[in-house]
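Read-outs: derived from the displayed coordinates by stated rules, not from any lab. All figures in this text were calculated on a predicted structure; none of them were measured in a lab.
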């Protein structure tokens with residue numbers, strides 16, 4: 001088997017889909033931290049004061065049944 005070269009990349013029709021699906025199942029970063037609330041805001045029925053720090057758990061978002069059809073597949 002020959003090594004893949006840059007000229008071969010355009011022939012790999014499913015490469016982008018495979019990369020996206022692999023990173024959805026096993027993300028490089030599991031959470032995104034320190035999203036700072038710039039001003040007082042209401043989100044999800046809760047009032048958050050200015051300066052609140054949020055962490056988004058990216059791994060859990062990619063496994064949501066209400067967003068993805070059969071997220072474990």
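To the nearest ten degrees, helix 15-25 and the longest principal axis of the Cα atoms of the chain are 40 degrees apart. One decimal place: the segment residue 47-residue 60 gains 2.4 nm when fully extended, by the rule 0.36 nm per residue minus the C-alpha distance.
Suppose we look only past 16 Å in the calculated P(r) of the chain. What percent of the Cα-Cα pairs does that tail hold? Above the 16 Å cut-off, the chain has 68 percent of its Cα pairs.
In percent, what relative contact order does the chain have, based on Cα pairs under 8 Å that are 6 or more apart in sequence? Can you show the working numbers first?
Numbers: 64 pairs, mean separation 19.2, N = 73.
Rounded, it is 26 percent for the chain.
Extension gain, residue 15 to residue 1: 0.36 nm times the residue separation minus the Cα-Cα distance gives 3.2 nm.
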